[in-house]
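Here the structure comes first, spelled out in structure tokens, and everything after it is commentary.
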Amino acid sequence: MCGIVGYIGHRDAYPVVLKGLQRLEYRGYDSAGIAIYDGEELKLCKTQGKVADLKEKLENTITTHGNVAIGHTRWATHGVPNDVNSHPHYSNSGDLVIIHNGIIENYDALKKELQTRGYTFKSDTDTEVLVNLIEDVILKENVKLGKAVQIALNQTIGAYAIAVYNKSKPDEIVVARLGSPLAIGVGEDEFFIASDASPFIEFTKNAIYLEDGEMAVIRRNKEVKVRKIQDDTLVDPYLQELQLNLEQIEKGGYDHFMLKEIHEQPTAIKDTYRGRMLPDEGLIRMAGVDDNLERIANAKRILIVACGTSWHAGLVAEYIFEELARIPVEVEYASEFRYRNPIISEKDVIIAISQSGETADTMAAIKLAKEKGAFAFGVCNVVGSSISRETNAGAYTHAGPEIGVASTKAFTTQITVLTLMALKLAKHNGTISNTDFRTYLQELELVPGKIEKALEADEHIKYISDIYKDARNCLYLGRGFNFPVALEGALKLKEISYIHAEGYPAAEMKHGPIALIDEEMPVVVIATKKGHYEKVVSNIQEIKSRKGKIIAIVTEGDTEVRELADHVIEVPETIEPLTPLVTTIPLQLLSYHIAVMLGKNVDQPRNLAKSVTVE
Ligand code: G6P
């Protein structure tokens, strides 16, 4: 994980890099650092803590003037988060400085070898080994920085996005990537470097996204020379025009990004289906599916791989694909899938779901499935991300940037895209009637309005949050399409409030979790009409007779559950497979309010990161 930012040009580099780091904090936030070259000297400041802590320390210790700077926000892998392990790291001579996102797996062997030649190390990081390896190459082979970076990287095993700077050649920065993202913003006589485009969006709309295995030498006022790290081939870089704008990455009046993103869901879902869903013509257009329709529709099996919230969206999709398209679906954690010996045939289609499009385990799962001949389809949010490029075809969710670490709009838009895909395949395979197909499209069009309605329960949810904010455990139950929603609700609560929560299929409660129920235990039950309603009502009775506290998510106008539950939160009715899109909303708000009331850092919960580029 980690975020990297750099600048070389004519402006003061410090504010650019500092702001960029703040925007990249979603990638990691346990420590941060910046190195600035002021024309004569390289000055460096780093600290454990957030970018705000760095700002305070830096402005009190060094002058911030200079046109070149590189900075880093860290999510620790090698070495605990402390000042010394923070990036940037100097080489032994103090000439080179590096920032790194990723892991150098063979760092220990390289370190030992360097130590035998007199190199010393201050930190426990793999990164400090890499910068000294580069220095060693410069000294031994008498080559320039670019060449030395290339030679050194060819000796490493692992993943990286790096930027390296040599104060004795102050007009260039060398960058490289393998497995971690790296974008170069190209302005007028100035260049920006970042893990994604958000740090430079107000300065330029032109960017080069390095491909895996590429490096670039960026020269002040000159050019960007891109090469392949392995064989030195020159690459003609593709200059991409960015669609992102500044508003999308700011809080827009909300207290937290998470709250903003929860409220953005009606619009985000519309953006997801806009142009794809043509209810009047009874059609769904999705280029990635249309161009490969036979291949996907004739799949013997669909394998869904993902992590975290995206995995929960995959579970909802499993129910939807099997219900509508009648294609067998298996959903797997990418991290498990990649390390077993899965049976994959050329008739399989693998769908990788990933908000960031950068999750290392999901990426590795795709590569494995592709090697075995499967067709890979990506459902990503970040345009141009690694997974979107690695897959044979795909569909973007178009949710706009999601910055809060706890995923919200990514989840509902992933479900939307996957529903469209399932409907399309169902139509092609003749497993859905024309009438039902149209009903789905009409209902999907109503979902954004229904989410707006669900959001109106905010004050009531705040009231409930206040009652349960001190709970130590919480159980979430759901059945059918809403079982994955229960998992997702529990994940949201634990990741931002640190309250232990578990999601369970309601009927499984009697096989274990029921033992936990007493008057201290809040149980959130998704009990919307249809979908095994009567059975869920029985489960609620079972909780009640054990004195558990029941918070039920019910369909508007419900009376039966209201009589049993301690609290009900109403959501508008929709057809059953689409209910996750509305039942998720109160669960997101519940966890949000509880976390805020407990004084937790909602957007940057401890130990987590948004983009998990390490396995
Ligand atoms: C991290 C994030 C989660 C996310 C998961 C998968 O754990 O904190 O919010 O669901 O990664 O990320 P992806 O970008 O692949 O959807």
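Read-outs: derived from the displayed coordinates by stated rules, not from any lab. Predicted model only: the values in this text are computed from it and were never measured. Positions of Cβ are backbone-derived with ideal geometry, glycine not excepted, and every protein chain shown enters the neighbour counts.
Using Cα-Cα distances under 8 Å and only pairs 6 or more residues apart, what relative contact order does segment 1-48 have, in percent?
Numbers: 46 pairs, mean separation 15.5, N = 48.
Across segment 1-48, relative contact order equals 32 percent.
With +1 on each Lys and Arg Cβ and -1 on each Asp and Glu Cβ, how big is the dipole of segment 483-610 about its Cα centre, in debye rounded to the nearest 20?
Roughly 380 debye, rounded to the nearest 20.
So which of 19/50; 205/610; 469/494 end up more than 18 Å apart, counting from Cα to Cα?
Going by Cα-Cα distance, 205/610 fall outside the 18 Å limit.
Can you compute the radius of gyration and Dmax for segment 252-455, using only the Cα atoms, both in Å?
Final numbers for Rg and Dmax: 16.3, 50 Å.
Report the one residue of 373, 200, 475 whose Cα lies farthest in the direction of the positive end of the charge dipole of the chain (charges on C-beta: Lys and Arg +1, Asp and Glu -1; origin at the Cα centre).
Sorting the options by dipole projection puts first 373.
What value, in deg cm²/dmol to 500, does the helix sum -39500 (n - 2.57) over DSSP H runs of n ≥ 4 give at 222 nm once divided by the residues of the chain?
Rounded to the nearest 500, it is -11000 deg cm²/dmol.
Taking the Cβ-Cβ separation of residue 52 and residue 598 as r and a Förster radius of 22 Å, what is the calculated FRET efficiency to the nearest 0.05?
With R0 = 22 Å, the Cβ-Cβ based efficiency is 0.60.
Rounded to the nearest 5, what % of the DSSP beta bridges within the chain are antiparallel ones?
That works out to approximately 60 percent antiparallel.
Please identify which residues in segment 562-587 have an amide N closer than 18 Å to a label point set 7 Å out from the Cα of residue 456, following the Cα→Cβ vector.
568-574, 582-587
For a paramagnetic label modelled at 7 Å from the Cα of residue 615 toward its Cβ, which residues of segment 168-184 fall within the zone defined by backbone nitrogen distances under 16 Å?
In segment 168-184, the label zone of residue 615 (backbone N under 16 Å from the point 7 Å along Cα→Cβ) covers 178-180.
If you put +1 on each Lys and Arg Cβ and -1 on each Asp and Glu Cβ, how big is the dipole of segment 3-248 around its Cα centre, in Debye rounded to 20?
280 debye
In a solvent-free Debye calculation with one equal scatterer on each Cα, what is log10 I(q)/I(0) for segment 456-601 at q = 0.14 Å⁻¹, listed in the order of the q values?
Normalising to I(0) and taking log10 leaves -0.56.
Would you list 479, 285 from fewest to most Cβ contacts within 10 Å?
Going from sparsest to densest Cβ surroundings: 285, 479.
Distance check, please: which entries in 510/549; 547/600; 492/544 exceed 20 angstrom between their Cα atoms?
From the list (510/549; 547/600; 492/544), the Cα-Cα distance tops 20 Å for 547/600; 492/544.
So how compact is segment 475-553: Cα radius of gyration and Dmax in angstrom?
11.4, 33
Each residue of segment 391-401 in order: what ³J(HN,Hα) in whole Hz does its phi give by Karplus 6.51 cos²θ - 1.76 cosθ + 1.60, θ = phi - 60°, with x for Gly and Pro?
After applying 6.51 cos²θ - 1.76 cosθ + 1.60, I find 7, 6, 7, x, 9, 7, 7, 6, 7, x, x Hz.
Give me log10 I(q)/I(0) at q = 0.20 Å⁻¹ for segment 162-251, Debye formula, one equal scatterer per alpha-carbon, no solvent.
Taking Cα atoms of segment 162-251 as identical point scatterers yields -0.95.
If I model a spin label at residue 278 and residue 322 as a point 7 Å from the Cα along the Cα→Cβ vector, what separation in nanometres do I get?
3.3 nm
To the nearest Å, what is the center-to-center distance of segment 566-598 and segment 237-283, using C-alpha atoms only?
Distance between centres, Cα-based: 21 Å.
In segment 321-430, which GluC sites (Glu not before Pro) are in a loop and have at most 16 other Cβ atoms within 10 Å, using DSSP for the loop call?
Loop-located and lightly packed - 346.
Note down the magnitude of the dipole of the chain about its Cα centre, charges +1 on Lys and Arg C-beta and -1 on Asp and Glu C-beta and zero elsewhere, to the nearest 20 debye.
It comes to approximately 700 debye.
Going by how many other beta carbons lie within 10 Å of each one, how would you line up 310, 31, fewest first?
310, 31
Using just the C-alpha positions of segment 56-213 as equal point scatterers, what log10 of I(q)/I(0) does the Debye formula give at each q in 0.09, 0.10, 0.16, 0.19 1/Å?
Normalising to I(0) and taking log10 leaves -0.29, -0.36, -0.94, -1.31.
Assuming R0 = 41 Å, can you tell me the calculated FRET efficiency for the pair residue 446 and residue 202, based on Cβ-Cβ distance, to the nearest 0.05?
Plugging the Cβ-Cβ distance into 1/(1 + (r/R0)^6) gives 0.65.
Given the Cα-Cα distance of residue 212 and residue 254 and 0.36 nm per residue of separation, how much length would full extension add, in nm?
11.5 nm
Report the relative contact order of the chain, percent, no decimals, based on alpha-carbon pairs under 8 angstrom and at least 6 residues apart.
Reported relative contact order: 12 percent.
Just subtract the alpha-carbon distance of residue 463 and residue 65 from 0.36 nm times their residue separation and send over the number in nm, one decimal.
Extra length from residue 463 to residue 65 when fully extended: 138.3 nm.
Can you check what the Kirkwood hydrodynamic radius comes to for segment 1-44, Cα pairs only, in Å to one decimal?
With all distinct Cα pairs of segment 1-44 included, I get 11.2 Å.
Report the full-extension gain for the segment residue 108 to residue 222: residue separation times 0.36 nm, less the Cα-Cα distance, to one decimal in nm.
37.3 nm
Rg(Cα) of the chain divided by 2.2 N^0.38 Å?
Cα Rg divided by the expected 2.2 N^0.38 Å: 1.01.
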